[in-house]
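> Would you mind keeping the following structure in view while I ask a few things?
The values are calculated or read from the model by the stated rules, or taken from the named source; none is laboratory data. Being a predicted model, the structure only gives us computed values, none of them experimental. Note: ideal-geometry Cβ built from the backbone for every residue, glycine included; neighbour counts use all protein chains shown.
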C-alpha cells in the first residue's frame, strides 16, 4: 500500500493531536508540575502546528496559516528542551525559544506569499535543528542522564536535528524540485520523522512525569506551615531560615545548611507501594527531629528532600551533625517493614565558606547532594568554595 504525502501529513497531524490531548489532560488531572506544564505547552503548540498547516494546505491564500504553523513548530520543539531543563531543576530559558520563533516568523513573513509552502523553510529547519540539539544535550544532563527514557528521547532528537540540517542543505543547493530533496527530504519523509518524534516524546515525558510522581509521595503536601511529614513546609522553611541567617550574620554566628535526600525512594514506591514511600518520608523526618540540635530548623522542600539549618562553631561540627543523621537512619528501620533501612545522600554547606545568603547556601547544598547521589548514595559531601 502506497501512502501519498497528504495522507502521511494527515496521519502525522492526527498523532500530534491525540498525543497532545492525552498528555494535556493527564497533566491537568494528575500531576501538574512545572516540567509537565512546559511540556504541555509544547503539545498545545503541536496542535496549533497541525491546525495552521491544515489551513494553509486547504486554502492557499491563507498565508497566515503557514506563519502560525512555523512559529508554533518552533515553540513545540523548544518546549521539549525547556521542560527538560525544568525537570533538571534549571531555568527554562523560554526567551531563547521566543527569540528563535520571532526570527522564523520574520523570515516567513518576508517571503510570503511568493515562496508558497516553502516560505521561511530554511530558517525554520535551522531553528528546529538548533532546538533539537539543545534538547538532546539536556536529556543527557543532570537527573535525565541517568534515565533510560531520557537517553532514548535524546537519540531521537539527535536524529531529527541531523535530518533538519541535511534537509536545509538539500533545499538550498537543489531547491524544492531537486532530486535529492524530493527523494529523501520531501514532506512525506518529514511527516514520518515528525510522527516518530511526537510519539517518542509523548511516551518519554509521560513516563518521566510518572516517575517523578512516584518520587514525590507526600513531599508537596502541607498542612498550614508544616508538611505532612511533620516539619516545616518549603515556604515556611525559606522564611524561617532567611530570618535566622540574617540575624546570624549580624551576630557573626556560624550556621550550616545540611541537605538530605532519601536514597532510592522511587524504587521503594514501585516495590512496596506509595504507602511505604510515605512511611519512609515520615520516618526520615522523625529521625531528623530526634537527631539534629533542638533549636535547628528542619524543612521539607519537596519529595524525599529535607534541609536542616543549625548553628555551628565550625565546619567540623556541621559534619558531625550530618554523620549523626546518617547513623540514625541506618539504625532505625521502618516500623512496619523491619527489613527496610533508609539511607540518605547528604550535602553540607556552611556560612564560613558560602556566606549568609540562603540561595547561595541552597545551591551549594544541592550540588553536594547531587555529588553524593552520583557516588551511589549514603555519602556526605561538604561543599567548598571554588
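> Do the conditions hold for residue 318, that is, is it crowded, with 19+ Cβ neighbours inside 10 Å, within 29 Å of the chain's Cα centre (by Cα) and part of a helix (DSSP H, G or I)?
no
> Separate question: Just for the range 362-383: of the residues that are touching a helix residue (DSSP H, G or I) at 6+ places or on another chain (Cβ under 7 Å) and within 10 Å of residue 348 (Cβ to Cβ), which one is modelled with the lowest pLDDT?
383
> In the set 157, 124, 128, 144, which member is more than 30 Å from residue 375 (Cβ to Cβ), within 24 Å of the chain's Cα centre (by Cα) and crowded, with 17+ Cβ neighbours inside 10 Å?
128 is the lone residue from the list that is more than 30 Å from residue 375 (Cβ to Cβ), within 24 Å of the chain's Cα centre (by Cα) and crowded, with 17+ Cβ neighbours inside 10 Å.
Each row is one residue, and each column tells you yes or no for (1) modelled with pLDDT under 80; (2) part of a helix (DSSP H, G or I); (3) more than 28 Å from residue 175 (Cβ to Cβ).
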{"site": "54", "(1), (2), (3)": "yes, yes, no"}
{"site": "64", "(1), (2), (3)": "yes, yes, no"}
{"site": "84", "(1), (2), (3)": "no, yes, yes"}
{"site": "103", "(1), (2), (3)": "no, yes, no"}
{"site": "107", "(1), (2), (3)": "no, yes, no"}
{"site": "113", "(1), (2), (3)": "yes, no, no"}
{"site": "131", "(1), (2), (3)": "no, yes, no"}
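> Out of everything in the range 303-313 that is modelled with pLDDT of 90 or more and not in a strand (DSSP E or B), what residue ends up being nearest to residue 258 (Cα to Cα)?
For the range 303-313, the residue satisfying everything is 312.
> Select from the range 264-279 the residues that are crowded, with 20+ Cβ neighbours inside 10 Å and either free of Cβ contacts under 8 Å to residues at least 60 places away in the same chain or in contact with a strand residue (DSSP E or B) (Cβ under 6 Å, 6 or more places away or on another chain) (or both) and write down the one among them that is farthest from residue 377 (Cα to Cα).
Only one residue tops the list, namely 279.
> In the range 253-279, which residues are touching a helix residue (DSSP H, G or I) at 6+ places or on another chain (Cβ under 7 Å) and either under 23 Å from residue 320 (Cα atoms) or at pLDDT 80 or above (or both)?
Within the range 253-279, 254, 255, 256, 257, 258, 259, 260, 261, 262 meet the criteria.
> Given the residues 46, 42, which is the only one that is within 17 Å of the chain's Cα centre (by Cα), at pLDDT 70 or above and under 25 Å from residue 91 (Cα atoms)?
Criteria check complete, one pass: 42.
> Still on this structure, I have one more. Spot the failing condition for residue 318; the list is (1) modelled with pLDDT of 80 or more; (2) touching a helix residue (DSSP H, G or I) at 6+ places or on another chain (Cβ under 7 Å), and only one is missed.
(2)
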